[in-house]
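Read the structure below first, then the notes.
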């Protein structure tokens, strides 16, 4: 089953993202386990981390150098806030 589309991504305290879905669900995702190595390690820079953006159509998220996290991981591994 496909996860619902994202309508908004909001960077919170360091390494946390609040994800808003078309279903009305709001989820919290911890990026910490992904911020390893030289490429994903860029996410440890707070200003860079805050530059996260939605992909067109709400199919996922990415940062300006192309780092992304699979949409199903975002949905399945995040905790429901609302």
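We did not get these values from a lab; they are worked out from the coordinates using the rules stated. The structure displayed is predicted, hence computed values, not measured ones. In this analysis, Cβ positions are derived from the backbone assuming ideal geometry, glycine residues included, and neighbour counts consider all displayed protein chains.
Inspect all residues belonging to segment 43-51 and state whether any of them is buried (at least 17 other Cβ atoms within 10 Å of the Cβ), in contact with a strand residue (DSSP E or B) (Cβ under 8 Å, 6 or more places away or on another chain), on the phi > 0 side of the Ramachandran plot and free of Cβ contacts under 8 Å to residues at least 40 places away in the same chain.
no
Can you pull out the residues in segment 1-22 that are out of contact with any strand residue (DSSP E or B) (no Cβ under 7 Å at 6 or more places or on another chain) and farther than 15 Å from residue 55 by Cα?
If the condition is that a residue be out of contact with any strand residue (DSSP E or B) (no Cβ under 7 Å at 6 or more places or on another chain) and farther than 15 Å from residue 55 by Cα, then 1, 2, 13, 14 are the ones that fit.
In this structure, is residue 23 surrounded by fewer than 15 Cβ atoms within 10 Å (Cβ to Cβ), out of contact with any helix residue (DSSP H, G or I) (no Cβ under 6 Å at 6 or more places or on another chain), under 21 Å from residue 80 (Cα atoms) and without any contact (Cβ under 8 Å) to a residue 24 or more places away in the chain?
Taking the combined requirement at face value, the residue satisfies it.
Going by the structure shown, is residue 3 in a loop (DSSP other than H, G, I, E, B) and surrounded by fewer than 17 Cβ atoms within 10 Å (Cβ to Cβ)?
So residue 3 fails the test.
So, in segment 52-66, exactly how many residues are free of Cβ contacts under 8 Å to residues at least 12 places away in the same chain, surrounded by fewer than 12 Cβ atoms within 10 Å (Cβ to Cβ) and not in a loop (DSSP other than H, G, I, E, B)?
Residues meeting the conditions: 1.
Considering only segment 31-42, how many residues are loosely packed, with under 14 Cβ neighbours inside 10 Å and under 22 Å from residue 80 (Cα atoms)?
The total comes to 2.
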